[in-house]
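Notes follow once the structure below has been shown.
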Amino acid sequence: MQINFKEAADFLRENDCYHILTHASPDGDTIGSGFGLCAILRKMGKKANVYCADELPRRYDFIYEGYEPMDFELKTVVAVDVADPKLLGKSFAHYADKVALCIDHHISNTGYAKRTLVEPDAAAACQVIFKLMSSQKLVECDENIAKCLYTGIATDTGCFKFDSCGPETHFAAAELMKFDIGAGKINRRMFDQKSRARIAVEQHVLGSMEYYFDERCSVAAVSLDDMHKTGLPADEFEGIAGLTTVLETVEVGVFIRQKEEHKFKASLRSTGDIDVSAICSKFGGGGHVKAAGCTFETSIEDAKTQIVKAVGEALGEKA
Ligand SMILES: [Mn+2]
């Protein structure tokens, strides 16, 4: 059931003992949303903890460092930035049909939760949570909440440069910057600083890029074998799909990563008018118009062939 901001606020006020779930392979938006909402709920006098199926990347330690889990018996499950229960991760599958409220910004949200507050026009789930907190006067914002929500907004907009970033996004960021959050430092950490491992991953991805249709489409693929051989760490791949569109002629970038023996995850990015969410939906995936994903249970070559063919059709080209 789709609910509005007032209904979501009423729900949060009426319930207690929250498990807040982020998606697996966590990014800045789901982490910022999780810990931001947790701080809001605790400030409302509620008991709340944040859980993620995967370990939280170290680069977000400034968000979760001061966090201590509380001791209580679970009563209410909330998911943030989770469009599909599959994204909770395998080890969290038991939560899938227990989500009482989902707060999200993905147009592809499957409506799996009992209540869904989704704003497809919002650039980040953190933007939706900011609006929920401020429009419904849940609590007064503070430095900690602002730091969490700002980070999610900054990361999901590629530092305020994606088309998804609109006036409401900047308004939210401006309000959050009234607190002493060190936005410049956060953005340097999120966008400019890289670990050696990340640089190795980027070099590998850029070096293995293939181009199709007069360089209108690029494809980079990383297999488990590549990862073993080169020692590329699995937790340094966040946002790597963005690298597929750096060449000026590219309209659709594809990043394929092997997850298991016969399982591949494709992440698509669009720089122009091509709706990559529509392409991914052909393969059972989804996401946003300019950023979407899908999975293939086949060989890497077959996955590549299928996706290139679909991108070619979208571009009006023959594969
Ligand atoms: Mn998001």
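Once you reduce segment 45-59 and segment 77-127 to the center of their Cα atoms, the two points are 15 Å from each other.
Using a simple spin-label model with pseudo-atoms 7 Å out from Cα toward Cβ, GLU248 and LEU206 lie 1.7 nm apart.
How much FRET efficiency would the formula 1/(1 + (r/R0)^6) give for GLU68 and MET177, where r is the Cβ-Cβ distance and R0 is 35 Å, rounded to 0.05? Walk me through the intermediate numbers first.
Details: r = 27 Å, r/R0 = 0.76.
The pair GLU68/MET177 has a calculated efficiency of 0.85.
Between VAL139 and LYS114, residue separation times 0.36 nm minus the direct Cα-Cα distance comes to 6.6 nm. First check a/c for segment 156-294, with a ≥ b ≥ c the square roots of the eigenvalues of its C-alpha gyration tensor; if it is under 1.5, answer rounded, and if not, answer prolate when a/b is larger than b/c or oblate otherwise. Since a/c reaches 1.5 but b/c is at least a/b, the shape of segment 156-294 is classed as oblate. What you get for the chain, charging only the Cβ of Lys and Arg (+1) and of Asp and Glu (-1), is a dipole of about 460 debye around the Cα centre.
Would you rank ASP16, ASP97, ASP121 by solvent-accessible area, highest first, keeping every protein chain in place and using a 1.4 Å probe? Numbers along the way, then the final one.
Values: ASP16 45, ASP97 115, ASP121 140 Å².
Result of the area sort, largest leading: ASP121, ASP97, ASP16.
Among the trypsin sites (Lys or Arg not before Pro) within segment 150-218, those in coil by DSSP and having at most 10 neighbouring Cβ atoms inside 10 Å are LYS161, LYS178. Taken one residue at a time, the phi angles of segment 57-66 give Karplus couplings (6.51, -1.76, 1.60, θ = phi - 60°) of x, 5, 5, 9, 4, 5, 7, 9, 4, x Hz. Gly and Pro are set to x.
Taking 8 Å as the Cα distance limit and 6 or more residues as the minimum spacing, I'd like the relative contact order of the chain as a percentage. Numbers along the way, then the final one.
Values: 614 pairs, mean separation 40.8, N = 319.
Answer for the chain is 13 percent.
Left without a cysteine partner by the 4.7 Å Cβ rule in the chain: CYS17, CYS38, CYS52, CYS102, CYS126, CYS141, CYS148, CYS159, CYS165, CYS217. Residues in segment 224-241 carry Karplus couplings, in order, of 4, 4, 4, 5, 5, 5, 9, x, 5, x, 4, 8, 10, 9, 4, x, 5, 4 Hz; the curve used is 6.51 cos²θ - 1.76 cosθ + 1.60 with θ = phi - 60°, and Gly or Pro positions show x. Between the C-alpha center of segment 1-33 and that of segment 193-242 there is a gap of 33 Å. Karplus-derived 3J(HN,Hα) values for segment 290-307, using 6.51 cos²θ - 1.76 cosθ + 1.60 with θ = phi - 60°, are 9, 8, 8, x, 7, 10, 10, 10, 6, 8, 5, 5, 5, 4, 4, 4, 5, 6 Hz; glycine and proline are entered as x. Where only DSSP H runs of four or more residues are counted, the chain gives -10000 deg cm²/dmol as its mean residue ellipticity at 222 nm, each run worth -39500 (n - 2.57). Just check the chain against the gyration tensor rule for me: Cα atoms, a ≥ b ≥ c as the square roots of the eigenvalues, rounded for a/c under 1.5, and otherwise prolate or oblate depending on whether a/b exceeds b/c. Prolate. Quick check: from the Cα gyration tensor, does segment 1-157 come out rounded (a/c under 1.5), prolate or oblate? Rounded shape, in that the Cα axes give a/c under 1.5.
Let me check against my output: what whole-number percent is the relative contact order of segment 5-192, with C-alpha pairs under 8 Å and at least 6 apart?
Values: 357 pairs, mean separation 44.1, N = 188.
It rounds to 23 percent for segment 5-192.
In plain terms, the chain is cut at each of the GluC sites (Glu not before Pro) found in a DSSP loop with at most 10 other Cβ atoms within 10 Å, and the longest leftover piece is 141-247.
Using C-alpha pairs below 8 Å separated by at least 6 residues, the relative contact order for segment 196-315 is 20 percent.
The values are calculated or read from the model by the stated rules, or taken from the named source; none is laboratory data. Keep in mind that what you see is a predicted model, and the values were worked out from it rather than measured. No Cβ is skipped: glycine too gets one built from the backbone with ideal geometry, and neighbour counts run over all protein chains shown. Only protein heavy atoms, including side chains, enter the accessible area calculation; ligands, DNA and RNA are left aside. Shrake-Rupley method; radii C 1.70, N 1.55, O 1.52, S 1.80 Å.
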